[in-house]
Every structure is written in C-alpha cells, then in structure tokens.
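Chemist: First the structure, then my questions, so here it is.
The values are calculated or read from the model by the stated rules, or taken from the named source; none is laboratory data. These figures come from a predicted structure and were not determined experimentally. Neighbour counts run over all protein chains shown; Cβ positions are idealised from the backbone, glycine included.
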Amino acid sequence: MGNAHRGGTRKANDGARIILTTLVGVVFGFFLGASFPTVSLTKINLPSSIISSLDVAMDVQKSPRTRITETHNQGSPKIPKIYVPTNPRGAESLPPGIVASGSDFYLRRLWGEPSEDLNKKPKYLVTFTVGFDQRKNIDAAVKKFSDDFTILLFHYDGRITEWDQYEWSKNAIHISVKKQTKWWYAKRFLHPDVVAAYEYIFIWDEDLGVEHFNAEKYIELVKKHGLEISQPGLEPNNGLTWQMTKRRGDREVHKDTEEKAGWCSDPRLPPCAAFVEIMAPVFSREAWRCVWHLIQNDLVHGWGLDFALRRCVEPAHEKIGVVDSQWIVHQVIPSLGSQGKSENGKAPWEGVRERCRTEWAEFQSRLANADKAYLAQISKAKAKRLLYKRAGL
C-alpha cells in the first residue's frame, strides 16, 4: 500500500512539471517573437528565377491562346510550362513579356545602366556599300545625314581602319566581307527584326552625288506624300536608264511617267508607275519587311528586283514614287566590276555584267513559276470546296 501511494505521487509531480514547462515555453516563444521585426518576403533576396516562377504561378492569366501546365522536378517547386502560339516562331515556350523580337544598330556601353546608354535614338538607317577608293564621295554623302540617322557601311574591299580618318566613321557601323554586293549584305544583315527600330531604311550605292540632297527634307516629303518605297530624282544628264526616275523640276514628287511605246502594258505598272531603281531605294519599315523576303539569297545583284517591289505595297502606283525636289546625280562609277575575276578571256567587269543579266532572267523565271504554282493551288482549293458543296458536305 505504501509503495502504491508513492508511485501515484511521482506521476502527479511529473504531470505538473510537463504543464509548467509547456507554459514557460509558450511565454518564452511569445516574447522572443515580439522582440524581432516583422519579416517581409519582398526583402528577402531570392534568386530572380524563383521570383519569376512564383509570379507566373500566382498571377498569370490563363487564356485560349496560352496553355500553361505545371511540371514537377524532384526536389524543386512547381515550374509553369508555357506555350504561346502567337509568339514568334521558336519562342512559343517563353512568356510574351520577355520576348524581344526586334533589334537595332545602336551602340551600347560596357558599363553603367542600360537605360542610360543612349542620349538619342536615331530614327532612320542609311547604308552604303563601299570601297575605300570612293571615300571622298561617301564622306560628302554621310555629311548630308544628321544624327537622326544610323550610318552603316558594308565594305566589299576589306579596308575598314583607314576610314577612321573621318570623325563620323568612329560612330558608324562597319561590316566587312570581301567582294560582295549590297543585296548580299542586305539579305544577311538587314533582317526586318534587326532593323525594326528604324522608320525608314536607305540602301544606297557609293557613286551618288548629293549636292542637291537634304535627308531631313526628303523624309518630310516621303511622309507627306505617303510613299512606302521611294528614291530621289536623278539628274537627267547623267546615268539615267528609265524615264520614271528622271527628276522633274516642277513638283515635289511624281508617281508615274511615260516610257517608250510598248514598254508599259499598263500605265499603273513598271516601268511607267510603281517603280524605282535599285541604286538608291528608300523603304519604310513595313515595306522592307516584305522586300527582304523577296530578295533571293543566291541572286546577289538585285537585277529585276525593282520591277517586283510593287508586290510589297498596296496600291503600289500610289505608294511608290520619286522625290523630285531632293535629287541626286548617278556618277556611274563601275567600281564593283573590278571586284570580278577574269575568266575565258573576259575582263572582270564583263563577267560581272554577264551574271547580272543571268540573274535578271532567273529572278523573272522564279517569280513567274511562283505565281503559277500559287494560282494552281488556289484553283485546286476552289474546286475542292465546290465539290464538297455539291456533295452537301
């Protein structure tokens, strides 16, 4: 009996100690928590990838155009898997807010805040395909363009450092690949997404006299007359091939002309309208997006391209024109011909000219075949729809 009593007392004492310890722990924990400031999740330096994943998981709006599923990686939090078909091709797995589809030729610093890199963003791009022998001509031409223009030189002779004698050259973009044409460069370096920052793109030869040309006034007239594809008028006494590009002294802009009998099947078609030459064209950003796709990757001289430019604007006879009051002189310097190679007893320039003609014929053939294939496809589709309709399907 005595032993049982002592055992019951010990159990009672143990229970009291447990209760007392618990109470002390609760009180201690309360005062400990009160002694620390409130911790905010936003003040914790979590990796940005984790924050981004949390944001997407919590905030993204699910829509018919965006498919989001959650995947689980062992030992890691849920990561959203994104598919956005309206994103640019290849970027469907990215959230639209991070997609940077455009680019530019703006020069950036290696230090400081990116938002402070540029004091001014040029609105237009002018390119010249050049050899060093024409440096004086290019120097005069570049000085006609203000700091609203990014200057880009394509060097077909490989000489770049010599251009540093000109102060403007230090801020220009230089791309050098030997013995290539401006359309070769344009196809490879002027993708529409690369030049998306510029309202107008000038793609000019190196042998143009610009004494009577003002770039800012030219842009004003292009906008005033709604020209998507244009060129300055040409001095009629030198280097003129087509009547359409001949400068007229009685107006600001013209969009049509009269040619030799039989040359124009329609007064609204090239070379009587909807036509500029390939020596000094100027394209709006929207028109260039189409023209870039029209340029054939392997046809580097661009012959025949001027007759097809009308396919990139509508109506072409209203949106393609020649600016008469800002005119240039075509000096007809056959510098690119010297970059050819003498073969089969022909001079270098003869081989170059022969390829120009060959490319023109090839381009016309490709375009005609593409039209034919497209029309056949459309006719087939119409016939199929008619057949289904008759069958009551």
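Chemist: Can we say residue 339 is of a type outside the set (A, V, I, L, M), touching a Pro at 6+ places or on another chain (Cβ under 8 Å), in contact (Cβ under 8 Å) with a residue 60 or more places away in the chain and over 20 Å from residue 255 (Cα atoms)? Can you show your working first?
Modeler: Numbers: of a type outside the set (A, V, I, L, M): yes; touching a Pro at 6+ places or on another chain (Cβ under 8 Å): yes; in contact (Cβ under 8 Å) with a residue 60 or more places away in the chain: yes; over 20 Å from residue 255 (Cα atoms): yes.
For residue 339, the condition - of a type outside the set (A, V, I, L, M), touching a Pro at 6+ places or on another chain (Cβ under 8 Å), in contact (Cβ under 8 Å) with a residue 60 or more places away in the chain and over 20 Å from residue 255 (Cα atoms) - is met.
Chemist: For the stretch 273-283, state whether one or more residues are more than 17 Å from residue 198 (Cβ to Cβ), of a type in the set (A, V, I, L, M, F, W, C), touching a Gly at 6+ places or on another chain (Cβ under 6 Å) and surrounded by 14 or more Cβ atoms within 10 Å (Cβ to Cβ).
Modeler: Yes - at least one qualifying residue is present in the stretch 273-283.
Chemist: Right, something else. Taking residue 107 as the residue in question, decide whether it is among the hydrophobic types (A, V, I, L, M, F, W, C) and in a loop (DSSP other than H, G, I, E, B).
Modeler: Values: among the hydrophobic types (A, V, I, L, M, F, W, C): yes; in a loop (DSSP other than H, G, I, E, B): yes.
So residue 107 passes the test.
Chemist: Could I ask something else about it? Out of the residues in the stretch 243-269 that are part of a loop (DSSP other than H, G, I, E, B) and polar (S, T, N, Q), state the one that is surrounded by the most Cβ atoms within 10 Å (Cβ to Cβ).
Modeler: We begin by selecting, within the stretch 243-269, every residue part of a loop (DSSP other than H, G, I, E, B); these are 247-252, 255, 257-269.
Still in the list and also polar (S, T, N, Q): 257, 265.
Numbers: 257: 18, 265: 9.
Result: 257.
Chemist: Another question, if that's okay. Of all residues in the stretch 134-160 being among the β-branched types (Val, Ile, Thr) and not in a helix (DSSP H, G or I), which is nearest to residue 182 (Cα to Cα)? Before you say what the answer is, go through the steps one by one.
Modeler: So the first thing to find is which residues in the stretch 134-160 are among the β-branched types (Val, Ile, Thr), and the list is 138, 142, 150-151, 160.
Narrowing further to those that are not in a helix (DSSP H, G or I): 150-151, 160.
Details: 150: 17, 151: 14, 160: 16 Å.
Looking at residues that are among the β-branched types (Val, Ile, Thr) and not in a helix (DSSP H, G or I), I get 151.
Chemist: With respect to residue 80, determine if the residue is within 23 Å of residue 191 (Cα to Cα) and modelled with pLDDT of 75 or more.
Modeler: In short, no.
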